[in-house]
Amino acid sequence: MKIAVLVGSLRKGSYNRMIANALCGLAPSGTQCEIVEIGDLALYNPDLEDPSPPKQWKEFRDRVRGADAVLFVTPEYNRSVPGPLKNAIDVGSRPYGQSVWSKKPAAVVSVSPGAIGAFGANHHLRQSLVFLDMPALQQPEAYIGGVAGLVNEKGEVTKEETREFLRKFMETFARWIEANGGGAATSSKRAA
Ligand SMILES: Cc1cc2nc3c(=O)[nH]c(=O)nc-3n(C[C@H](O)[C@H](O)[C@H](O)COP(=O)(O)O)c2cc1C
C-alpha cells in the first residue's frame with residue numbers, strides 16, 4: 001500500500017516534515033510512505049498546459065496517480081493552507097476530468113507550535129477534499145499543537161504519548177485505505 005505524503009511546509013527545519021517522517025516511521029507493515037515534494041511546482045496557470053505542461057507538473061501528477069492514498073501534513077498560514085500546498089492540489093486537479101486526487105483515500109494531520117494545532121488549515125484543506133472527491137479519514141482528528149515541545153533537535157518525536165497517537169493514527173488510516181478501495185493505484189492493480 002503506497003501512501004503519497006504531501007508536506008505543506010517548504011522550510012528546511014520544518015516541524016511538519018518531522019511529524020511526516022515520524023508518521024511514516026510508525027506506519028504499519030505493508031504500508032510504504034513516499035514524500036512527494038511540492039516546492040518546485042510552477043504556480044498553476046492553465047495556459048501552461050498547452051502544448052505540454054511543465055515537467056515538474058507531469059512528474060508530480062504521475063507520482064500521486066501511482067499512490068494508493070494521500071496523507072497531508074500541513075502547517076497553518078494565516079488560518080488556512082499554505083500557498084504551496086494549495087498550488088500542489090490545484091496542479092493535481094487539472095486538466096479538467098483528469099484529476100489525480102479523485103477517489104483516493106486521504107488523511108489530514110495539521111501541525112503548529114501554537115496551541116490549536118493548525119485547526120483552521122486542517123479544515124480548509126478538508127473543504128477542498130470534498131470537492132476533489134477524496135474520502136477523508138474523519139477520526140481520529142489530528143491537530144498537533146505545541147509541536148516544539150514534542151520533538152528533539154534531531155527531529156524525533158520524544159513524547160511517548162504523541163508517538164502512540166501517531167502510530168494509532170497510521171493504523172487507522174491503513175484500515176481506512178483498505179476500506180475505501182485503496183485509490184486508483186490499487187484498483188488498477190486489482191483489474192490487472
Ligand atoms: C506566513 C505565515 C503565517 C502563519 N500563520 C499561522 C497561523 O495562522 N496559525 C498558526 O498556528 N501558525 C501560523 N504560523 C506559524 C507556523 O505555524 C510556524 O511557522 C510553523 O513552524 C510552520 O510549520 P513548519 O515548522 O512545518 O514550517 C504562520 C507562519 C507563517 C510563515
Note on the range 15-117: the mean projected area of its alpha-carbon convex hull, in nm², is 7.4 nm²
Computed over the range 38-109, the relative contact order (Cα-Cα under 8 Å, seq sep at least six) in percent reads 40 percent
Long-range amide H partners of A136, meaning residues 5 or more apart or on another chain whose placed amide H is closer than 5 Å, are A106
Links exceeding 26 Å between C-alpha atoms in this model, out of K103/K154; K58/K103; K55/K154; K58/K104; K58/K168; K86/K159, come to K103/K154; K55/K154; K58/K168; K86/K159
The equivalent-ellipsoid semi-axes of the range 16-61, taken as the square roots of five times the Cα gyration tensor eigenvalues and listed largest first in whole Å, are 31, 12, 6
Short to long, in 10 Å steps from zero, the percent of alpha-carbon pairs of the chain per bin is 9, 38, 37, 14, 2, 0
The alpha-carbon center of the range 17-48 and that of the range 87-163 are separated, in whole Å, by 11 Å
Rounded to one decimal in nm, the spacing of the 7 Å Cα→Cβ label points at N152 and L43 is 4.2 nm
Cα pairs beyond 16 Å in the range 90-192, in percent, come to 65 percent
Projected area averaged over all directions for the convex hull of the alpha carbon atoms of the range 106-148, nm², comes out at 2.7 nm²
Which of P51, P75, P105 fluctuates most in a GNM of the chain (C-alpha springs under 10 Å)? That residue is P51
With Rh as the Kirkwood radius over Cα pairs, the range 130-173 has Rg/Rh of 1.09
Within the chain, excluding any GluC sites (Glu not before Pro) found in a DSSP loop (not H, G, I, E or B) and having at most 13 other Cβ atoms within 10 Å, the longest uninterrupted segment runs 1-152
The answer for V5, listing residues at least 5 apart or on another chain whose modeled amide H is closer than 5 Å to its amide H, is E34, I35, V36, L71
Length gained, K12-S102, 0.36 nm per residue minus C-alpha separation, equals 29.4 nm
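Read the figures in this text as sums done on the coordinates, not as results from a lab. Please read all numbers here as calculations on a predicted model, not as lab measurements. Glycine also receives a Cβ, built like all others from the backbone with ideal geometry; neighbour counts cover every protein chain displayed.
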